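Worksheet: one structure, shown below.
The values are calculated or read from the model by the stated rules, or taken from the named source; none is laboratory data. Predicted model, so just to flag it, every value in this text is computed and none were measured. No Cβ is skipped: glycine too gets one built from the backbone with ideal geometry, and neighbour counts run over all protein chains shown. The protein model used for the area step is the full one, side chains on, heavy atoms only, and it has no ligands, DNA or RNA in it. Shrake-Rupley method; radii C 1.70, N 1.55, O 1.52, S 1.80 Å.
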Amino acid sequence: KNEVEQSPQNLTAQEGEFITINCSYSVGISALHWLQQHPGGGIVSLFMLSSGKKKHGRLIATINIQEKHSSLHITASHPRDSAVYICAVRWRETSGSRLTFGEGTQLTVNP
Amino acid sequence: DTEVTQTPKHLVMGMTNKKSLKCEQHMGHRAMYWYKQKAKKPPELMFVYSYEKLSINESVPSRFSPECPNSSLLNLHLHALQPEDSALYLCASSHPHLPGQSSYEQYFGPGTRLTVT
């Protein structure tokens, strides 16, 4: 069964800390998405990656295709970064638009 | 405009009611999605429309009936729901994926919080 695993499940940090969330997947992918969801809210797409590294503000996403692993980094974390971060992949062999989601990482940044 | 809108934001309905959820986007996306999300769980795909035709139905019970009347609109008709159907219902859109082609970002709406009593 194709799987996506995220770690950690829960993460608590102090404001200003550097944060890393990890995502591993089982077989080849077309793309990997990092998504953010605030409590009670909709989902925002942060990054879509198929190789290398992307940066947007304080957020950095990397992917290692050979190791089937991606990381989301947040530099100088802030309480407004508190949210659930979800990794999702589109399998290479999948036809159509189906995404497989990880279970999410609940991030809490304390002031 | 990179916005997906959903109405209503909240909906409370009895098990005998009929209601509809609406989703709209004006990004020219020809793929639209319905997801169901329970608390502290990732979204579960329900339906995908591609070029206004139903392309994926993830074995969803018939009490949920999707409709895509045009390329900008997606509806989810609800009838005779059960309390366990209470959840956040998310709509999303993207360019349609064809075999061998690049992937595209999905843009999500804010969701409709549904409570079935």
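Summary table below
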| quantity | calculated |
| --- | --- |
| Any hit, region B:64-78, residues being in contact (Cβ under 8 Å) with a residue 60 or more places away in the chain and loosely packed, with under 15 Cβ neighbours inside 10 Å | no |
| So A:LEU72, is it open to solvent by 10 Å² or more (accessible area, probe 1.4 Å) and modelled with pLDDT of 95 or more | no |
| Considering residues of region B:61-117 that are among the charged types (D, E, K, R) and touching a His at 6+ places or on another chain (Cβ under 9 Å) only, the residue nearest to the other protein chains (Cβ to nearest Cβ) | B:GLU105 |
| Residue in region A:27-38 that is over 13 Å from the mean Cα position of the chain (by Cα), at pLDDT 95 or above and open to solvent by 50 Å² or more (accessible area, probe 1.4 Å) present | no |
| Complete set of residues in region B:82-97 that are of a type outside the set (S, T, N, Q) and more than 14 Å from the chain's Cα centre (by Cα) | B:PRO83, B:GLU84, B:HIS95, B:PRO96, B:HIS97 |
| Criterion violated by A:GLY41 - all others in (1) touching a strand residue (DSSP E or B) at 6+ places or on another chain (Cβ under 6 Å); (2) within 10 Å of chain B (Cβ to nearest Cβ); (3) surrounded by fewer than 18 Cβ atoms within 10 Å (Cβ to Cβ); (4) closer than 22 Å to B:LYS41 by Cα satisfied | (1) |
| A:LEU46 being closer than 30 Å to B:GLN6 by Cα and either of a type in the set (S, T, N, Q) or free of Cβ contacts under 8 Å to residues at least 40 places away in the same chain (or both) | yes |
| Test: residue in region B:36-46 that is farther than 20 Å from A:GLN36 by Cβ and either open to solvent by 20 Å² or more (accessible area, probe 1.4 Å) or within 12 Å of chain A (Cβ to nearest Cβ) (or both) | yes |
| Leading residue by the ranking (most open to solvent (accessible area, probe 1.4 Å)) among those in region B:11-24 that are of a type in the set (A, V, I, L, M, F, W, C) and not in a loop (DSSP other than H, G, I, E, B) | B:VAL12 |
| Selection within region B:48-60 - within 24 Å of A:GLY102 (Cβ to Cβ) and more than 11 Å from every other protein chain (Cβ to nearest Cβ) | B:ASN57, B:SER59, B:VAL60 |
| In region A:91-111, residue nearest to the other protein chains (Cβ to nearest Cβ) [restricted to those that are open to solvent by less than 60 Å² (accessible area, probe 1.4 Å) and under 13 Å from A:LEU35 (Cβ atoms)] | A:PHE101 |
| Qualifying residue in region A:60-83 (condition: within 9 Å of another protein chain (Cβ to nearest Cβ) and either in contact with a Leu (Cβ under 8 Å, 6 or more places away or on another chain) or in contact (Cβ under 8 Å) with a residue 24 or more places away in the chain (or both)) | no |
